[in-house]
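Report on the structure given below.
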Amino acid sequence: MRVLVTGAGGRLGSHVLARLRDDGMSVRASSRRPRIGSDVEWVVADLATGDGLAEAVTGVDAVVHLASSPRGRTHQVDVLGTRRLVLAAGAAGVQHLVYISIVGVDRVPIPYYRHKLAAEQVVAAGPVPWSVLRATQFPEFLDDLLATSARLGPVFGDRAVLAQPVDPGEVAARLAARVAAGPLGGIEKFGGPQVLRFDEAVRAWREARGSRRPLLPVRIPGRLGRELRAGGLVTEALPRGVRTWADHLADTYGGTARR
Ligand SMILES: NC(=O)c1ccc[n+]([C@@H]2O[C@H](COP(=O)([O-])OP(=O)(O)OC[C@H]3O[C@@H](n4cnc5c(N)ncnc54)[C@H](OP(=O)(O)O)[C@@H]3O)[C@@H](O)[C@H]2O)c1
């Protein structure tokens, strides 16, 4: 099977490329800039303009759509860009489009999530048989968030927010399995092995880094806070990932924090 991966140069993309290749797929990867790789065919395509999309989807059986722009032009890239991709894929006769989304896009009122939900709807309404995988947060995302906060002094956070970090390599394996299984015509969810309160996650992070930064508790107000504390970002769906937050911390910072 020949598969195009959009956003292939990103964090999740590198795992997806490796997994699809290991599974014996022929892989084409797209980025906005030229890249070279020995066992992947790189092509240039931009979702914001549509440039290169028709060429990128020509001759592929399936598309794994990861590209996203959370920090600007999100509507242009994630919603309208997904529409451009879906239409190009339909015109090229692509048999399956797999879209990566996030657990909570339908519950948690964050502008980025509103765009991801709209992109899911574009995929579902489009001409290509489809699947959506909603994953929970990658541990690297939580790690970056805490590190950014700690640079300013104390770590700020709502102690009771629930998170369920999931390893991006395991998400890549789920995506590859979905490619192999064919279109679901629906949404599946995939989360990490443990649901953690924010203060538990911060405690483990501080121990792993030997940090003395205190956690300065804030209560996130309104519906956003209510959804985050009520589990808007977590899922009971099975199976779950295996690698824990402690595994990530041990691999990243050393030590013996595992499980
Ligand atoms: N981070 C998380 O915790 C998490 C959790 C669940 C789901 N997800 C989803 O997983 C996906 C990948 O996340 P990630 O953390 O791997 O993101 P990432 O590292 O930021 O990668 C996203 C990629 O999108 C590409 N991109 C941005 N603007 C583009 C445009 N105009 N046209 C074409 N490509 C564009 C970029 O590739 P180039 O710069 O090479 O063009 C970038 O490498 C996203 O859809 C995200 O919503 C993330």
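General remarks:
- Only Lys, Arg (+1) and Asp, Glu (-1) charged, at Cβ; the chain dipole about Cα centre in debye: 840 debye
- Positive-end residue of MET1, LEU142, GLY182, charge dipole of the chain with Cβ unit charges: LEU142
- Label point at ASP23 placed 7 Å out along Cα→Cβ; residues across the range 34-55 whose backbone nitrogen lies under 16 Å: none
- The range 196-259, relative contact order in percent, only Cα pairs under 8 angstrom and at least six apart counted: 36 percent
- Length-normalised contact order for the chain - Cα pairs under 8 Å, 6+ apart - percent: 17 percent
- Our summary gives the range 22-148 a relative contact order of 21 percent, counting only alpha carbon pairs under 8 angstrom and 6 or more residues apart.
- Taking the Cα centre of the range 146-193 as reference, the dipole from Cβ charges on Lys and Arg (+1) and Asp and Glu (-1) amounts to some 60 debye.
- Placing R0 at 41 angstrom, the Cβ-Cβ distance between GLN95 and ASP199 gives a FRET efficiency of 0.35 after rounding to 0.05.
- Global form of the range 1-104, assessed from the alpha-carbon gyration tensor, a/c cut-off 1.5: rounded
- LEU53 sits among other residues whose Cβ lies under 9 Å from its own Cβ, and their net charge, with Lys and Arg +1 and Asp and Glu -1, is -2.
- Ranked by the mean number of other Cβ atoms within 10 Å of their residues, highest first, the peptides 209-218, 158-167, 196-205 come out as 158-167, 196-205, 209-218.
- Exposure proxy ranking for LYS116, LYS189, based on other Cβ atoms within 10 angstrom of each Cβ and starting from the fewest, stands as LYS189, LYS116.
- Extension reserve of the PHE156-GLU236 stretch, reckoned as 0.36 nm per residue once the Cα distance is removed: 26.1 nm
- Pairwise centroid distance, computed over Cα atoms, of the range 105-136 with the range 24-102, Å: 16 Å
- Top positive-direction residue, dipole computed over the range 53-130 with Cβ charges, set PRO109, LEU80, SER68: PRO109
- Counting every other Cβ atom within 10 Å of each residue's Cβ, TYR99, TYR253, TYR113 order from fewest to most as TYR253, TYR113, TYR99.
- Each peptide in 143-154, 173-184 gets a packing score, the mean of other Cβ atoms within 10 Å over its residues, and the list from highest to lowest is 173-184, 143-154.
Read-outs: derived from the displayed coordinates by stated rules, not from any lab. Computed from a predicted model, the values in this text were never measured in an experiment. So basically every Cβ, Gly included, is an ideal-geometry build from the backbone, and we count neighbours across all protein chains shown.
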